[in-house]
Amino acid sequence: MRYTTALALALALAVRISIALLTRTFFQPDEYFQALEPAHHLVFGYGDLTWEWTSKPPIRSILYPALNVPVYWLLKILRLDGTVLLIAAPKVIHGILAAGTDIWVREIARKTLGPRYVPATFFLSLTSFFHALSLSRSLSNSLETTFTTGALSHYPWHTSVPPNRLQLQKFLVFVALACSVRITSAITWVFIFPPLLWQLRHNSGLLRAFITDTISVVCVALCLLFTLDSAYNGTPTFAPLNFLRVNASSVSLFYGSAPWHYYLIQALPLLAGPALPFVLHGVYLAFTRLEWRFLHPLVPAMHVLAASSLVSIYDRKGSRRNTHSSSLNIKRTHAVVLALLSLAPALYAARWHSSAQISVLSHLRDLPEAELLSVGFLMPCHSTQHSRTYTGPSPYGAGLRAPLHGEDLRTYQDETDIFFKSPVTFLTMRFPELVDTTFPPSSDAPRRYTWPSHLVFFGALLREPGVEDVLRVKGYTETWSAGNGIEEDPRRRGQLRVWRWNASDIVRE
């Protein structure tokens with residue numbers, strides 16, 4: 001089947017929106033706390049703002065979360081913010097944006113390899129495990145991937161065909177959008193711009209126009225970012241500069257570091273998925289012819305390389321004369337195996353892996369108001385989303401504050417570290433001896449907390465010596481639990497649990 005642009009667009013939109021709406025799992029905290037929560041806070045006046053937003057100066061730009069503001073505002077005006085649309089509407093928006101990657105990677109394949117490679121590239125993009133896992137989520141990396149793919153689709157790949165100014169202007173706009181969403185995207189373009197300038201050296205008029213347009217687009221992008229961030233924060237703010245300044249310091253090491261081989265032996269196989277052998281073969285063919293989610297913008301290029309390999313194998317085997325040939329211009333066996341190896345783990349990742357971290361909030365939301373008077377999360381910070389799907393009493397939990405004031409990283413501990421170092425000590429020293437049955441909010445957190453009507457935590461916490469005894473003595477018993485799939489972090493194992501306080505359940509010491 002030969003895909004026209006219109007049919008390809010319809011198929012890409014259907015796939016990406018469907019994946020977005022069907023996804024019921026927790027992947028990365030940034031999906032909520034760097035996108036949906038700030039937008040929710042801006043529109044509704046409440047939401048969980050992390051230290052990146054509350055530090056002085058803030059290091060996050062409101063640009064990416066602002067994509068969700070119009071739909072939240074519309075739901076608020078129509079008084080539909082208490083419906084499932086509060087969750088579904090942003091998913092549709094990000095599904096639509098994700099489809100751009102599938103469409104523009106087709107154009108890259110057409111320009112770099114030729115029309116015969118377009119169906120295979122499109123197939124690889126649609127069936128990509130990592131795209132299914134991440135592309136339709138509200139992650140800035142995902143939108144950066146879409147804009148990067150859009151930029152590369154307008155790049156003048158063939159030196160024999162001189163580009164026109166409009167094509168280069170579109171290229172610059174997409175580059176600016178990618179860098180505005182994630183300033184670190186500029187690293188990619190540092191390597192791409194010099195060859196382009198060299199290519200334009202023989203056309204002095206076009207070269208001058210390109211330089212002028214580059215300066216103009218950069219100035220407009222910087223002014224837009226400064227205006228939006230300043231308006232949001234109520235003070236002159238240029239968040240990308242603050243982000244670079246903080247991440248160039250020792251603060252970035254607080255979140256851990258990876259060995260030199262991490263991207264080679266872990267990130268690349270995960271990003272490429274079952275197409276990895278063909279990606280590597282495509283790299284070989286290309287040379288003969290002339291936190292890993294941060295590498296997401298490279299995935300479309302991997303699909304182009306893999307398509308180059310698959311189609312070349314198809315042609316070399318004489319498959320065009322085979323009655324069992326594929327309209328994708330690749331061997332049917334390859335297509336079936338690649339689809340199965342991608343879709344099976346994608347289904348697991350979308351429906352079951354870390355699903356309890358989403359379903360627990362649905363459970364809390366469905367409890368009667370007279371029953372759910374307060375809730376506390378005793379788990380690693382940002383393990384669940386908050387106000388976007390949960391509108392009950394304000395939750396609390398052990399939090400994370402990065403060492404922004406020159407603290408020694410060798411000894412620094414945030415509240416999560418302190419809690420898990422000795423949960424029993426934390427519960428006895430920072431919580432009162434008796435449960436206040438009115439369940440007032442914790443006004444002195446993080447120094448002191450009050451006992452809530454409901455506690456949410458992972459089952460691994462009950463394996464800590466003395467924790468279950470403390471909770472049962474206070475009067476808590478389990479009312480809900482759900483499996484959470486395979487979990488790397490040992491603190492997040494043992495199912496997700498909800499325990500409720502009940503006077504009749506108090507265990508006398």
To the nearest 0.05, what FRET efficiency results for Leu241 and Ser504 with a Förster distance of 56 Å applied to their C-beta separation? 0.45
Just add up the charged neighbours of Phe193: K/R +1, D/E -1, any other residue whose Cβ is under 14 Å from the Cβ of Phe193. 0
Pairwise FRET efficiency - Tyr46 versus Leu78, Cβ, R0 = 30 Å, nearest 0.05: 0.95
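Say R0 is 22 Å: what FRET efficiency, to the nearest 0.05, do Ile486 and Arg110 get from their beta-carbon distance?
Efficiency, from the Cβ-Cβ distance: 0.05.
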Using a 1.4 Å probe, how large is the accessible area of His382, given in Å² and rounded to the nearest 10? 50
Expressed in square angstrom to the nearest 10, the accessible area of Val337 with a 1.4 Å probe stands at 70
If packing is taken as the mean number of other Cβ atoms within 10 Å per residue, what is the order of 356-364, 452-460, 208-216, highest first? 452-460, 356-364, 208-216
Counting Lys and Arg as +1 and Asp and Glu as -1 over every other residue whose Cβ sits under 15 Å from the Cβ of Arg208, the net charge comes to +1
To the nearest 10 square angstrom, how much accessible area does Lys170 have with a 1.4 angstrom probe? 90
Which of Cys223, Cys179 is most accessible, then next, and so on - probe 1.4 Å: Cys223, Cys179
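The values are calculated or read from the model by the stated rules, or taken from the named source; none is laboratory data. The structure displayed is predicted, hence computed values, not measured ones. Positions of Cβ are generated from backbone atoms using ideal geometry, with glycine treated the same way; all protein chains shown enter the neighbour counts. Accessible surface is based on the protein model in full, side chains and every heavy atom, while ligands, DNA and RNA are left aside. Shrake-Rupley method; radii C 1.70, N 1.55, O 1.52, S 1.80 Å.
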